[in-house]
Number of protein chains: 2
Amino acid sequence: MTAFKQLQQHAKQISHFNHLAAICGWDQAAMMPAGGNQARSEAMAALSVHIHQLQTQPQLTEWYAQAETETLTDTDSAALREMKRQWQQATILPEALVQAKSLAGSKCEHAWRTQRGSNDWHGYEKNWAEVVKLSREEAQIRAEATGLSCYDAMLDIYEPGVTSTSLDTLFGDVKQWLPQMINSALEKQQQQRCIEPSGVFPAAQQKALGQSIMQLLQFDFNHGRLDESVHPFCGGVPQDVRITTRYSESEFVQSLMGIVHETGHARYEQGLPKLLAGQPAGEARSMGIHESQSLFFEMQLGRSAPFIEHLANNAHQHFSGQDSKLLSADNFQALYTKVERGFIRVDADELTYPAHVILRYEIERDLINGAVDHKDIPELWDSKMQQYLGLSTAGNFKDGCMQDIHWTDGAFGYFPSYTLGAMYAAQFMAAMQQTIDVDAAVRSGDLTPIFVWLEQHIWSKGSLLTTDQLVKQATGETLNANHFKAHLAARYL
Amino acid sequence: MTAFKQLQQHAKQISHFNHLAAICGWDQAAMMPAGGNQARSEAMAALSVHIHQLQTQPQLTEWYAQAETETLTDTDSAALREMKRQWQQATILPEALVQAKSLAGSKCEHAWRTQRGSNDWHGYEKNWAEVVKLSREEAQIRAEATGLSCYDAMLDIYEPGVTSTSLDTLFGDVKQWLPQMINSALEKQQQQRCIEPSGVFPAAQQKALGQSIMQLLQFDFNHGRLDESVHPFCGGVPQDVRITTRYSESEFVQSLMGIVHETGHARYEQGLPKLLAGQPAGEARSMGIHESQSLFFEMQLGRSAPFIEHLANNAHQHFSGQDSKLLSADNFQALYTKVERGFIRVDADELTYPAHVILRYEIERDLINGAVDHKDIPELWDSKMQQYLGLSTAGNFKDGCMQDIHWTDGAFGYFPSYTLGAMYAAQFMAAMQQTIDVDAAVRSGDLTPIFVWLEQHIWSKGSLLTTDQLVKQATGETLNANHFKAHLAARYL
């Protein structure tokens, strides 16, 4: 057997255990009663150790060296590249550092849960100093191994190929026009009135509504489910995708669009190349491309006028007896495109969201590269919030740099994926519209042409191409902010 | 570290992976969409291999030898005995035989699914010959390793300590009086009229009813759930017990009592000794003792007059508008104690069930010991059916020896557990009644004294005692058929 084939079999073996981890993780979030948590956490930890042992078996070094001398097809070369990438990610850090960072992150997160509520920056900062220190050590090691800068080496975990040079250009572009566009949109919306939901929207009816929209979006229920969890997510495996939502019975707006978002993630997973199942090359390309699919569904399709019509019609059927003005397409459109300046990223609308991300990107880049000290973050945060959104967070740590879990846990390099996803989504839509009348397809209720395009250009490619190649082949150009700007302008100006 | 401690840590490690297998197995039966089955089966197979590798690691031989020279407390001696038992079970058979038997069983089962419907004994017999041959080989190897007879070595898998000598005595006793008792019961019931459910009983209401009865039975919902599956079962882990049922909307009788049965299994699991969690000594004692708990709930408690009152009252609340005669306690009692001679074991009532089991026991004992040929089974079956239940299965293979999956798969030695469970349950109830007014406790709606007794005498013992010791300590005598006979006579004569 060739070394390449041995590596493939080994990857398949790892994927089986990742499958079990995904299902048990989903269960933990969506099904497990609270009293099961201790035993489950221990079992999941044992599984993690086993997976890590598989990923770092000593013979892999030789197999990779051997496989690189073997003659491979283009597909197999890509498969080898992606396997090797995951292997390097698994072996790059010393165990002691992984352990120390995990402990420091857990400690910081645990305390953060109460410190955030009491706006206790000084308490938080003491724990967080260690997280930052260890994250910098991690970045340093990754930088040495990859030849990238410290921060770029962290970015590479989530967005292989994306660097701060490219982000500076992309986000620098957005910064040019976004604050003014937010102003104009707010001005335009001053006349607009929208009716907020009031009354009771039973969870069972919301679920039925969500499922009808998932059907419209051609979610494959033979290979997936919709359930509930405190934090909505898309989990499971491509053959069995588990998405979740959370229902508040006093409104349906958030959960409904949340389902559209998770369905985008889910269809990407369901559409990954079946022949490469269990191989790294058959997995999703990156966090940003994953987010591009959820945001394509949520922002490009989900907030388009013809899709809003479907939402409104379906809501009418499931919430009979409710105020028909509330459930009108016009009101849905107003609800789903309302712009508001706010402190909290996760509550932000489509237009202000990039400001939250760019702020975090600029700070974490300088923090990890050592250009700023962690103690300077609140001041930096305040000044950028004023600059991008006209809001001050002076003294308000809980709605400032203490609001997210990412930094608390040491996940530096992740934030850019959100806005990269939004930009990819806009660029994909612009390319799609060159050959497909997207609005007409949505209006007809048969969205097949849209999904065929996504399947052909994105989903079926898995990780066979680099992100740059994928985007270039799908859209004819590399990623740029033009389509995102045009999309936002068309919707909000 | 002592060898005993090393063995304990190793057992704990295995238990983590068994936990994952239990949850993913439950998911496969209760949650997974059909399209996920192929990938799941592969992942579960990889997990099985991993667990088997852990169970058979070479250093265990030395650890066991060493541990047996170490000074241990009584509890630790029992813990060592049970670990060693599981290790021996895992290592006793050559891999090739396990593989061959699994393949032959799968082939036979797969064909059986259609052959049973077409009553095709000759087709079935051809595949089954191989299953029987390999099962005899297995029994031979187990017999040599344990010093037991071939069939007793198979019994030992499910019921350690129980032999065909003891079963011949126990079941021989039952055979003396059961056929006559069935006759008398049927005669007595000739006057009885019971109203069968008709109309629609929505699954959601049945579930709510089931949950209210689980609450009465003090199922711990912080450590477990109720869901649905095609074949009801009790799965999960002691910290998170997953029971399932199946709802037919045209009646509620079966599902309701099925939930009572599974709740018995569940409370045993939930009541196992927490200090021994993850250790073989902390697991359920045997299949028969497990069944004793489900049957204690279903037959001893569940069909008692005061419990039937609760069932009827709760059904009234959940099925308002239904015929009140149907939902009366008298009718529930009649429905749940109706005796009928039938061909099918799984449909049998409490009184005729032992006849089905004894018939199978006598045949499989002689088959595995080589006293009869597999081709003789249909004739033997017919003659015993006539003897015990007055029914003939001549030429009717599908309702005869082809009805169960157990033999098809080669699970010889399992059937006796069902009736052993019923006998243990009756003996436990008789002992409990010496100190507790069980009917009064049930009537009061607070069943705590009953569960305290079970917890103290059965659940908290795990596998620390042998089955004989457990029964002797709990009831003051070894297992005998007297209490079972008295229980049946009191209920049916």
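Coupling constants for the range B:231-243 follow from the phi torsions by the Karplus curve (6.51 cos²θ - 1.76 cosθ + 1.60, θ = phi - 60°), and in residue order they are 10, x, 7, 10, x, x, 10, x, 6, 7, 8, 10, 9 Hz; glycine and proline get x.
With R₀ fixed at 60 Å, the C-beta to C-beta distance from A:Asp399 to B:Gln317 puts the FRET efficiency at about 0.80.
A probe of 1.4 angstrom, applied to the heavy atoms of all protein chains, finds B:Ser248 with accessible area near 50 square angstrom.
Please report the net charge: other residues with Cβ closer than 11 Å to the Cβ of B:Leu464, K and R +1, D and E -1.
-1
For the pair B:Asp376 and A:Ala371, label points projected 7 Å from Cα toward Cβ lie 9.0 nm apart.
Say the cut-off is 24 Å between C-alpha atoms; which of B:Lys107/B:Lys375; B:Lys207/B:Lys398; A:Lys12/A:Lys107; A:Lys274/B:Lys101 go over it? Exceeds cut-off: B:Lys207/B:Lys398; A:Lys12/A:Lys107; A:Lys274/B:Lys101. Solvent exposure of the protein assembly as shown amounts to 41 Å² per residue of accessible area, where only protein heavy atoms count and the probe is 1.4 Å. Taking a point 7 Å from the Cα of A:Gln254 along the Cα-to-Cβ direction, the residues of the range A:208-233 with backbone N closer than 15 Å to it are A:229-233. With its label point defined 7 Å out from Cα along the Cα-to-Cβ axis, B:Lys107 lies at 6.1 nm from the matching points of the other copies, in increasing order.
Of the listed residues A:Val98, A:Val174, the order by accessible area with a 1.4 Å probe, largest first, is A:Val98, A:Val174. Expressed as a whole percent, the accessible area of chain B that falls on carbon and sulfur atoms is 50 (1.4 Å probe). Residues of the range A:240-263 that bury at least 10 Å² of accessible area when the other protein chains are present, relative to the chain alone (probe 1.4 Å, heavy atoms, ligands and nucleic acids excluded): A:Asp240, A:Arg242.
Under a 5 Å amide H cut-off, with hydrogens placed 1.01 Å from N, B:Gly236 pairs with B:Trp26, B:Arg242 among residues at least 5 apart or on other chains. The string of couplings for the range B:477-483 from the Karplus curve (6.51, -1.76, 1.60, θ = phi - 60°) is 8, 7, 4, 8, 8, 4, 5 Hz, one whole number per residue in order, with x for Gly and Pro. Other residues whose C-beta falls under 9 angstrom from the C-beta of A:Pro33 contribute a net charge of -1, scoring Lys and Arg +1 and Asp and Glu -1. The phi-based Karplus calculation (6.51 cos²θ - 1.76 cosθ + 1.60; θ = phi - 60°) puts the 3J(HN,Hα) values of the range B:103-116 at 5, 4, x, 5, 4, 5, 5, 4, 5, 4, 4, 9, 4, 4 Hz, whole numbers, x for Gly and Pro. The A-B contact accounts for roughly 2600 square angstrom of buried accessible surface, both chains included, probe 1.4 angstrom.
Shown for the range A:180-223: residues covered by the partner protein chains by 30 Å² or more of accessible area relative to the chain by itself (probe radius 1.4 Å), namely A:Asn222. Helical runs (DSSP H, four residues minimum) scored at -39500 (n - 2.57) apiece and divided by the length of chain A put the mean residue ellipticity at 222 nm at -20500 deg cm²/dmol. Between A:Asp227 and A:Ile243, A:Thr244, A:Thr245, the built amide H atoms are under 5 Å apart, and every one of these is 5 or more places off in sequence or on another chain. Note on A:Gln59 and A:Glu196: their simple-model spin labels are 6.2 nm apart, each label 7 Å out from Cα toward Cβ. Residue-level result for chain A: its Cβ closest to the axis carrying A onto B, with that distance in Å, is A:Leu20, 3. Work through the residues other than A:Thr478 whose Cβ is under 11 Å from its Cβ and net out their charges, Lys, Arg +1 and Asp, Glu -1. The answer is -1.
With each pseudo-label sitting 7 Å past Cα toward Cβ, what's the A:Gln180-A:Glu95 distance in nm, one decimal? Placing both labels 7 Å along Cα→Cβ, they lie 5.8 nm apart.
For the range A:42-56, heavy-atom accessible area (probe 1.4 Å) falls by no less than 10 Å² from the chain alone to the full protein assembly at A:Glu42, A:Ala43, A:Ala46, A:Leu47, A:His50.
The values are calculated or read from the model by the stated rules, or taken from the named source; none is laboratory data. The shown structure was predicted, so the numbers you read here are calculated from the model rather than taken from an experiment. Here the Cβ is made from the backbone with ideal geometry for all residues, glycine too, and neighbour counts use every protein chain on show. Heads up: the accessible areas ignore ligands, DNA and RNA and are worked out on the full protein's heavy atoms, side chains in. Shrake-Rupley method; radii C 1.70, N 1.55, O 1.52, S 1.80 Å.
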